[in-house]
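Single-structure report; data block below.
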Amino acid sequence: MLPNKDLHVEGLFRVPGNSLRQQTLREQLNSGADIDFSSGDFHPNDVATLLKSFLGELPEPLLTQRHLHAHLKITELSLFDDHGNKTSLPDKERQIEALQLLLMLLPTANRSLLKLLLDLLYHTAKQQHKNRMSAHNLALMFAPHVIWPNNMNATDLQENLTKLNSGMAFLIKHSQKIFRAPVYLREHVRLQFADTSMIHSKDDLELLSVGGSPFMSAWKRSAARVRSDSDSHTEEALRELYRHVTHHMPNSAKKKKLIRQLGKQSTPGTPVSENTTPTSKKHTRSRSFGGLIKKKVLGSQPAADRRGKENISCDPVSRMPSAPGSVPYMSIL
């Protein structure tokens, strides 16, 4: 990119550079040499003219020919009056939003180069009080390389020339906005990916790191609604499953186990014991290794102590009361 001081040169991108210096510069660039544009070896007009030559040699304009008609329609978007009638005033907000969406369809290389080019032209136009190159003047220089289609005949080109050139000027003036996604789309993306562990690209990270943006509060409200809806759906599913197990499954060890599991996963409002047969604290038919250990430990204790122990939950996942030198039986399992 040209140094900022070179943007002050009068007639930049309009006045041609020296052809010999341009040829030398072209050869150095093609060879991959590292060029110091602040050295004074090349005039800013040499660089500016060579840039236009490069764009003119591309097989098609940067915006491609596929979306030409869409770009022409964007220039026609206008405001409506209080009675719903179309006016002649352009609707800049709608035009910017349409361009934001349309530029997302460009090939990556085209989009990247277009962004750099428009950024250069935008800062050049900001110096128009010195270089005499307004956004409109720059559009006349670059529209043939950015938006003019190669396959349009002279008659059609002449008919659409004003729209094409004004469209290019609009791209330059609003280049700092048109490469961002519309607000509602950014909000949707944030809502979908903000809480995921997916690897994000640089653009994603910049998007997710934006703070204090106009849509941040709206996103938080949307996220809260999604979480609330999800919680409600989970609670309802648990209640429905609980009712099915309680009323439709025959009494069995499996049923009791399911009821215990549902009780552990219950949420506020999810019943855990209504209309169910009280489950025994003792696994009288248990033949698990843990049950055998429990029987072995309690079998040698006095009856009173054993009854006291039996009042403690004997669920297979509970721990035995610790005695000196003892270990919980589940740790043995």
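Give just the number: which of (1) in contact with a Pro (Cβ under 9 Å, 6 or more places away or on another chain); (2) under 14 Å from LEU55 (Cα atoms); (3) not aromatic (Phe, Trp, Tyr) does GLU97 not satisfy?
Failing condition for GLU97: (2).
Only one residue in LEU118, LEU161, LEU114, LEU140 is out of contact with any Pro (no Cβ under 8 Å at 6 or more places or on another chain) and closer than 18 Å to HIS69 by Cα, so which one is that? Even if it seems obvious, please write down each step before you answer.
Working: LEU118 fails: closer than 18 Å to HIS69 by Cα; LEU114 fails: closer than 18 Å to HIS69 by Cα; LEU140 fails: closer than 18 Å to HIS69 by Cα.
The conditions single out LEU161.
Within the stretch 134-159, track down each residue that is more than 18 Å from GLY56 (Cα to Cα) and either in contact with a strand residue (DSSP E or B) (Cβ under 6 Å, 6 or more places away or on another chain) or crowded, with 19+ Cβ neighbours inside 10 Å (or both). I'd like the intermediate steps shown before the answer.
Filtering the stretch 134-159 for residues more than 18 Å from GLY56 (Cα to Cα) gives 134-136, 155-156, 158-159.
Result: ALA135, single match.
HIS67 versus (1) open to solvent by 20 Å² or more (accessible area, probe 1.4 Å); (2) over 28 Å from the mean Cα position of the chain (by Cα): which is the lone unmet condition?
Against the list (1) open to solvent by 20 Å² or more (accessible area, probe 1.4 Å); (2) over 28 Å from the mean Cα position of the chain (by Cα), HIS67 comes up short only on (2).
Those residues that are assigned to a helix (DSSP H, G or I), over 14 Å from LEU51 (Cβ atoms) and among the hydrophobic types (A, V, I, L, M, F, W, C), I need them from the stretch 20-36; list them, please.
Hit for the stretch 20-36 is LEU20, nothing else.
Which one of the conditions (1) in a helix (DSSP H, G or I); (2) modelled with pLDDT under 70; (3) of a type in the set (D, E, K, R) does ASP195 fail to meet, given that it meets all the rest?
Unmet for ASP195, out of (1) in a helix (DSSP H, G or I); (2) modelled with pLDDT under 70; (3) of a type in the set (D, E, K, R): (1).
Mind checking which helices (runs of 4 or more DSSP H) fall wholly inside the stretch 82-176 and carry at least 3 residues that are in contact (Cβ under 8 Å) with a residue 40 or more places away in the chain and either in contact with a Lys or Arg (Cβ under 9 Å, 6 or more places away or on another chain) or closer than 30 Å to HIS8 by Cα (or both)? If you could, list the steps in order and put the result at the bottom.
Numbers: elements: 92-103, 108-126, 128-131, 135-146, 154-173.
Answer list for the stretch 82-176: 92-103, 108-126, 135-146, 154-173.
Here are the criteria: (1) open to solvent by 30 Å² or more (accessible area, probe 1.4 Å); (2) within 30 Å of LEU25 (Cα to Cα); (3) part of a helix (DSSP H, G or I); (4) touching a residue at least 60 places away in the same chain (Cβ under 8 Å). Tell me which single one GLU60 does not satisfy.
(3)
Do we find that VAL245 is modelled with pLDDT under 75, surrounded by 11 or more Cβ atoms within 10 Å (Cβ to Cβ) and in a loop (DSSP other than H, G, I, E, B) in this structure? If you could, list the steps in order and put the result at the bottom.
On the way: modelled with pLDDT under 75: yes; surrounded by 11 or more Cβ atoms within 10 Å (Cβ to Cβ): yes; in a loop (DSSP other than H, G, I, E, B): no.
Here the answer is no, as VAL245 does not meet what is asked.
If GLN95 meets every condition in (1) over 14 Å from SER166 (Cα atoms); (2) at pLDDT 95 or above apart from one, which number is that one?
(1)
Among the residues that make up the stretch 112-131, is at least one of them within 24 Å of PRO44 (Cα to Cα) and touching an Asp or Glu at 6+ places or on another chain (Cβ under 8 Å)? Full working, then the answer.
Here is the first cut: in the stretch 112-131, the ones within 24 Å of PRO44 (Cα to Cα) are 112-131.
Okay, now just the ones that are also touching an Asp or Glu at 6+ places or on another chain (Cβ under 8 Å), so 130-131.
Yes, some residue in the stretch 112-131 is within 24 Å of PRO44 (Cα to Cα) and touching an Asp or Glu at 6+ places or on another chain (Cβ under 8 Å).
When the residues of the stretch 1-57 are narrowed to those that are open to solvent by 80 Å² or more (accessible area, probe 1.4 Å) and touching a residue at least 40 places away in the same chain (Cβ under 8 Å), which ends up farthest from HIS145 (Cα to Cα)? Quick ask: steps written out before the conclusion?
Step one: filter the stretch 1-57 for residues open to solvent by 80 Å² or more (accessible area, probe 1.4 Å), giving 1, 4-5, 10, 14, 16, 19-21, 23, 27, 29-31, 34, 36, 41, 54, 57.
Going one step further and asking which of them are touching a residue at least 40 places away in the same chain (Cβ under 8 Å), we end up with 1, 4, 10, 14.
Values: MET1: 18, ASN4: 24, GLU10: 22, ARG14: 14 Å.
Here the answer is ASN4.
Considering only the stretch 3-26, I want to know if a residue exists there that is closer than 16 Å to ALA125 by Cβ, basic (Lys, Arg) and out of contact with any Gly (no Cβ under 6 Å at 6 or more places or on another chain).
Yes, the conditions are met somewhere in the stretch 3-26.
Can you tell me which residue within the stretch 75-100, out of those that are closer than 14 Å to HIS174 by Cβ, open to solvent by 20 Å² or more (accessible area, probe 1.4 Å) and of a type in the set (A, V, I, L, M, F, W, C), is nearest to the chain's Cα centre (by Cα)?
ALA98
The values are calculated or read from the model by the stated rules, or taken from the named source; none is laboratory data. Keep in mind it's a predicted model, so treat the numbers as computed, not measured. Positions of Cβ are backbone-derived with ideal geometry, glycine not excepted, and every protein chain shown enters the neighbour counts. Heavy atoms of the whole protein, side chains included, go into the accessibility calculation; ligands, DNA and RNA do not. Shrake-Rupley method; radii C 1.70, N 1.55, O 1.52, S 1.80 Å.
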